[in-house]
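Each remark here refers to the structure printed beneath this line.
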Amino acid sequence: MKKALRFALVAFVRDVKSGELAVLFGALVIAVAALTAVGFFTSRISQAIRAQAGEVLAADLRLDSGRIPAPGYEAEAHARGLAVAHLISFPSVVYAGDASQLATVLGVDGAYPLRGQLKIAAVPYGPAHPVTGIPAPGEAWADSRLLARLALPVGGLLRLGALELRVAAVLDYRPDQGMGFADLAPTVLVNAADLERSVLLGSGSRVTRSLLYAGSTEAVDAYAAWLRARKSAAERLTDASESSEQMKSATERSGRFLNLAALVTVLLAAVAVAMAARRYASRRLDLVALLKSLGASQRFVLGTTVAELALVALCGALAGTALGLLAESGLAWLVRGLFKTSLPPPSLLPAWLGLGTAATMLAGFALPPLLQLRRVPPARVLRHDLEPPPLRWGAPYLAAAAALSALLYVLVGDPRLVGYAVGGLAGSALVLGMAGVALVRVTAAVRGGAGAAWRYGLANVARRGRESVVQIVAFGLSLTVLLLLALVRNDLIDEWQRSLPPGAPNHFLINIPPSDARPLAEFLTARGVAPPVLAPWVRARLVSVNGQPMQGRMPKTDRGRAFAEREQNLSWSEALPPDNRLVEGAWWQHPDPAQPLVSVASEFQDELGLKIGDRLSFDVAGESITATVANVRKVRWDGFRPNFFLLFAPGVLDASTGTFMTSVHLDDAQRPALAELVRRFPSVTVIDVAALLGEVRRIMDRAAIAVEYVFGFTLTAGLAVLFAAIQSTRDERRYESAILRTLGASRRTVLYGVAAEFTALGLLAGVLAASAASVIGWLVATRLFGLHYSFDATVWLGGLLAGALIVGVAGTVATRRVVRSSPMRSLRDV
Amino acid sequence: MQVLESRHVTKEVSSPEGTLTIVADVSFAVERGQSIAIIGPSGSGKSTLLAMLAGLDLPSRGTVLLNGTELTSLDEDGRARLRAGHVGFVFQSFHLVPSLTALENVLLPLELGGVADAQVRAREALARVGLDARRRHYPRQLSGGEQQRVAIARAFVTRPDLLFADEPTGNLDSVTGARVVELLFEFNRELGTTLVLVTHEQSLAKRCQRVLTLDAGRLSSDVVGDA
């Protein structure tokens, strides 16, 4: 074995020097570099995005409790290096002279907010600016709604119990104002020190005390796990990802885009590795036969092959990881300044994954053809046509694909996405293969009518048969990815960004009494606002599922408990609302009010473990309503339109005293009208989501840039496949061109023939790739991202052009040297 | 003493037209130190017979004894071990490893056999064929004749009992070919190596002590010459 290792080392150095390993090594380095760069980057980006998402919570993690949280919580957080802020909130009536209004009082300490910034304005609904710090003791920042209701100017005095506070500014925005409709009352922000002095926090008051935490992802995650194991059921823990449906939806999608790019890159690189290994193995046939004729045993051949491959894996992984790190820092530089916080350092996991991937790829895709070398008949030294028995590649390749899928699952943690990518690639390869066989047959039939070069080129496509099909599959796959990147990617990203157009709603108006519905619509349209679409809105509590009270089936997660315990927003609709996609069951047609039906959002279904046909009973303002689950919807929450976890069929909630809600877009010039709106429609509550909308849009823009960059690697992997496919028939072409030139063909004729062959292959692959790209684009858009997708004829045009140009030109250029080398030398080297 | 014996060796292959007999019932024995030529027209089965004699391929029927060992009784690794210890090869197309220098090519069988003073012996062998000065050259930097001389050095460096040469001058001009043939016979005389040559060159065959003629896979004549 020592002998084999030594020989492998020498052979490795020689093969590297002679360029024999170039394609295999190159494909491997691209795979590892892409994987580690994407891995390093996504881990850092997702941490940064998470930090940004934390703004919705004003922290990375938040604990809400009806009592004073145990002092150990804070001590532990400090010990783990987390920043901690305190927040006290409770409802209270505030007074200004004779006017009074129920408000949510928020007492904060100097550390608040841990994420994001407060914004204040000089006048209600006036232009706002970010501010650091909190109200000084004796002062308060009240929101526009409160000041409008109380008709109190900035500088006026506000009474809060025994406290008298001067309104120093208008509170325009606080990061955690959220979207939860929980804080329906207007807000006043005060210094916590004032509250501790007042009697407002005495027993009997409905005070929520919150601890806000921020720190590194690892520290926050570890602390969250620690706290989750200790906190009481009454204490609610929320992390940034579950703080807002809109933000969650946006971050999930951006992560999915990045992961998809990484997946496709690695899978394509695996194809390139497999193709390069095939050629490498076929080029070693003679060497192995010679070694055997000189007395080498099968074990020796096996030992040297495995050892050399291990060296390739190690060096490829090291070089790839180094390149990946370098590329990642380029990426970090590219998105510099886009994040408010500096990017956290990358974790080491991607480096290990890189090594694992290199080993898996080589073991799975390169080892089987190389192992086959053991079986090269030694008599090949005398008869060149003798080859090892054909490789049964099915089982080893399937095993390798499974191992690679497992690795990718570790990387992205999304089995559905991995399934789509692996299945998509395998399916595309299969379809491309079948279509390739058909096209090669057609080519054989039509070649008669073409000119000399074309005839030779097309004849070659037909004659090479299996090799041509393999090349068509490889070219087709790389062209599919190129087309997806060039055309469909833009459509997808545009479509995603279009889902949040400049005029997306930035204010929610809720609690609209039926009597106010029409006057409010007129009020808004008179001020140039688009006519609002009003959705009925009822608050209700879920009481039982299939007759079993909720107390008996309390979900384990905080979110699930919130669904089970808190009042839910219900609505009804005749048609499936836009932004909603049916995932289970059927939408109702002419429902019978006597058989009440309800539609649930997939989040609600998951948390409560519901299924179609379950009977849900609600307490709607003291009245009990039971409805059967008719279907499940996937809701796109980042559309900023009124959407509901629970939607009833029309007629069911008619008897309930409901109100309406709507969302509208108000530009800066229209915003001052809100002061008048609040005065004219006192029962209507206005919720400003402009800041949240801005954050979601920022995440989208940032993710779009990151995705573009990461797709650069996918492009490189696609080109690697292309290159490996061109290389796969290089030796054969070299021999053929030598023969043709020996027979008197000019260099030009041979080169034209090669160009014709590659162009024909490129055109065939281009047509197939365009079809594949269209179908994949549609699937990805509709199934994975829930976006609309329209078919585009330019994809076909692009496919034909890219096929003819990229494959034709690249193939010809890459083979040019082969054609140029002297026929004598080519023949001697064979 | 017999170093090689072929007993009723037959090779059949299946083809679309049915079973094809490449070599049919060939029997002969070769004495140690003898030089024999196997001649015959193209397609007469010379190279196939050579492959079976050297244990590179197995006969469909019959047996081959190399140094008294029956090749058909050994597995592929066993035959490889036997070759490593007792057999050398020279091929028509040289079969040098393109990524190895001349010296490294000669070292190859010594390394495979785990010989201790491999470097010294390889340089000696290269010097013996007059190519020590070009030991660092790669095959593509050598002429055809030089490549074949490297191949001869590689074949003799292990001091084999038997040397099989398949059309050793087939790719060379007559002057270079003569030089290569000279080298083969020098080694044959000096080391007592048995020489089995496959050739279609009458002049080369005549230099051998014995000439076997194959015709359509059958041994049509076995002539002991005066060489």
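The values are calculated or read from the model by the stated rules, or taken from the named source; none is laboratory data. Given the structure is predicted, the values throughout are model-derived calculations rather than measurements. Please note: Cβ atoms are built from the backbone with ideal geometry, for glycine as well, and neighbour counts cover all protein chains shown. Each accessible area value is taken on the protein alone, full model and side chains, heavy atoms only, with ligands, DNA and RNA left out. Shrake-Rupley method; radii C 1.70, N 1.55, O 1.52, S 1.80 Å.
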task = Report the FRET efficiency, 1/(1 + (r/R0)^6), for A:Leu157 and A:Glu522, where r is their Cβ-Cβ distance and R0 is 41 Å, rounded to 0.05.
result = 0.65
key: Highest-first arrangement of A:659-665, A:515-521, where packing means the average Cβ count within 10 Å   = A:659-665, A:515-521
remark   = Scoring the range A:712-808 by relative contact order with C-alpha pairs under 8 Å, at least six apart, yields a percentage of 34 percent
inquiry  = What does the extension gain come out to for A:Arg783 and A:Asp385, with contour length at 0.36 nm per residue minus their alpha carbon separation?
reply    = 138.3 nm
Within 10 Å of each Cβ in B:100-110, the average number of Cβ atoms from other chains = 2
request  = Rounding to the nearest 20 debye, state how big the charge dipole of the protein assembly as shown is about its Cα centre with +1 on each Lys and Arg Cβ and -1 on each Asp and Glu Cβ.
outcome  = 2620 debye
remark   = The pairs in A:Lys3/B:Lys46; A:Lys3/B:Lys11; A:Lys119/A:Lys634; A:Lys2/A:Lys292; A:Lys292/B:Lys46; A:Lys119/A:Lys231 lying past 24 Å Cα-Cα in this model are A:Lys3/B:Lys46; A:Lys3/B:Lys11; A:Lys119/A:Lys634; A:Lys119/A:Lys231
task = Give, ordered by residue number, each residue of the range A:289-307 whose 1.4 Å probe accessible area is reduced by a minimum of 40 Å² on adding the remaining protein chains to the chain alone.
result = A:Leu290, A:Ser293, A:Leu294, A:Gly295, A:Gln298
message = Order A:Arg14, A:Arg820 by their accessible area, 1.4 angstrom probe, all chains in place, largest first.
response = A:Arg820, A:Arg14
inquiry  = Ignoring solvent entirely, what values of log10 I(q)/I(0) come out of the Debye formula for the range A:517-574 at 0.22, 0.31 Å⁻¹ when each Cα is a single scatterer?
reply    = -0.87, -1.16
query = Roughly how many Å is it from the Cα centre of the range A:347-378 to that of the range A:564-633, as a whole number?
reply = 52 Å
inquiry  = List, by residue number, every residue in the range B:111-139 with a reduction of 50 Å² or greater in accessible area between the chain on its own and the complete protein assembly, 1.4 Å probe.
reply    = B:Glu111, B:Leu112
remark   = Heavy-atom accessible area with a 1.4 angstrom probe orders A:Trp333, A:Trp537, most exposed first, as A:Trp333, A:Trp537
ask   = Taking the mean number of other Cβ atoms within 10 Å as a proxy for protection, how do you rank A:759-765, A:166-172, A:723-729 from highest to lowest?
value = A:759-765, A:723-729, A:166-172
inquiry  = Can you tell me which of B:Asp161, B:Asp117, B:Asp215 moves the most in a GNM of chain B? Springs connect C-alpha atoms under 10 Å apart.
reply    = B:Asp117
task = Provide A:Arg747, A:Arg636, A:Arg380 ordered by accessible surface of protein heavy atoms (probe 1.4 Å), highest first.
result = A:Arg747, A:Arg636, A:Arg380
ask   = For the range B:42-115, which whole percent of the accessible surface, found with a 1.4 angstrom probe, sits on carbon and sulfur atoms?
value = 46 percent
message = I'd like to compare A:396-409, A:145-158: which one has the highest average count of other Cβ atoms within 10 Å, and what's the full order after that?
response = A:145-158, A:396-409
request  = Find the accessible area per residue for chain B; the probe is 1.4 Å, ligands and nucleic acids are left out, and the unit is Å².
outcome  = 41 Å²
key: Accessible area (Å², 1.4 Å probe, nearest 10) - A:Cys315   = 50 Å²
request  = Kindly compute the accessible surface that chains A and B hide from a 1.4 Å probe when together, both sides summed, and give it to the nearest 100 Å².
outcome  = 2500 Å²
request  = Sort out for me the Cα centre separation of the range A:152-166 from the range B:89-115, rounded to whole Å.
outcome  = 98 Å
note = If each part is reduced to its alpha-carbon centroid, the range B:159-209 and the range B:64-82 end up apart, in Å, by 24 Å
ask   = Counting partner chain Cβ atoms within 10 Å of every residue's Cβ in A:11-17, what's the average?
value = 2
ask   = Accessible surface of B:Ile22 in the full protein assembly, 1.4 angstrom probe, to the nearest 10 Å²?
value = 40 Å²
note = Within chain B, excluding any trypsin sites (Lys or Arg not before Pro) found in a DSSP loop (not H, G, I, E or B) and having at most 14 other Cβ atoms within 10 Å, the longest uninterrupted segment runs B:33-135
note = Expected output for the range B:25-69, residues with a loss of 40 Å² or more in accessible area relative to the chain alone at probe 1.4 Å, reads B:Leu56
note = Counting Lys and Arg as +1 and Asp and Glu as -1 over every other residue whose Cβ sits under 14 Å from the Cβ of B:Arg32, the net charge comes to 0
key: FRET efficiency for B:Ala116 and A:Arg820, using Cβ-Cβ distance with R0 set to 41 Å, rounded to 0.05   = 0.35
note = Under a 1.4 Å probe, counting only protein heavy atoms, A:Thr557 has an accessible area in Å², nearest 10, of 60 Å²
